[in-house]
Amino acid sequence: MEEYTMNALSYNTERAQLHIQEYGRNVQNMINYAKKIESREERNLAARAIIDVMGQLNPHLRDVEDYTHKLWTHMYIMSNFEIDVDSPYEIPEPESLSERPKIMNYPRNKSKYGHFGFYAEKMIEEASENEDVEEQEYLTELLANLLKKNYLTFHTQNVENSAITSHLKELSGGKLKLTDISLLKPTNTILKQVGVAPKKPIKKHKQKKRRK
């Protein structure tokens, strides 16, 4: 009895590695057994029964599009692509599952002044083409404040209004000119809007003269 028990016991370290651990050792053993069934009809019945068990063990896969297809793919992976059954889906190639995803090309938009941002400069370009004088004046004020806001978001320090209007004129090719700089919001107001505390000026302490 003792000899039988020792032979029957097996440790995980001695067992074959699971291909997909989520399904557990029992499902892996069922697939290993199904591979050896000589009758194709019985092997197909066993495969469908295994698919049902796999679906019950992983109900979250029901939320995945075409989850049944996913289960069949998992069964092939767990069988090391050695199970010969009539699948309702095309049998996947092992190489296709190991391919690395293609690298996506991200747009690399360059802006002349990084602190203003590409889209702000794009808006300036489009606004400069607006032929409606009244609307262009409105857009000029709006974009000038946007430039100042974007600048302070990155630098969190004061910037001369004349510098903002100068950049706006430059980026628009001289078409957008804000003559009244009082239309620009105060620096402290913008910093509060973007959630940045304005920097306090450093006080210079006067050195006391030593008595001789």
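Bear in mind that the values in this text are calculations on the coordinates, not laboratory data. Remember, predicted model here, so these are calculated numbers, not experimental data. Ideal geometry is used to build each Cβ from the backbone, glycine not excepted, and the neighbour counts take in all protein chains shown.
Assorted remarks:
- About the centre of its Cα atoms, the stretch 118-193 shows a dipole size close to 560 debye [charges on the beta carbon of Lys, Arg (+1) and Asp, Glu (-1) only; nearest 20 debye].
- Residues of the stretch 25-56 with amide N under 16 Å of the 7 Å Cα→Cβ point at Glu82: 28-38
- Three-way shape label, the stretch 16-98, alpha-carbon gyration tensor, a/c 1.5: rounded
- Length gained on full extension, Glu134 to Ile181: 15.2 nm, using 0.36 nm per residue less the C-alpha separation.
- Extension gain for Thr73-Phe118 works out to 11.7 nm (0.36 nm per residue, less the C-alpha to C-alpha distance).
- Rounded to the nearest 20 debye, the dipole magnitude of the stretch 14-77 is 220 debye, with +1 charges on Lys and Arg beta carbons, -1 on Asp and Glu beta carbons, and the Cα centre as origin.
- Going by neighbour counts of Cβ atoms within 10 Å, the residues His155, His19, His60 line up, fewest first, as His60, His155, His19.
- Cubic angstrom per residue, convex hull over Cα atoms of the stretch 118-193: 84
- A straight chain from Asn26 to Glu141 at 0.36 nm per residue would run longer than the Cα-Cα distance by 34.4 nm.
- Computed from the C-beta positions of Leu57 and Phe154 and an R0 of 41 Å, the FRET efficiency is 0.20 to the nearest 0.05.
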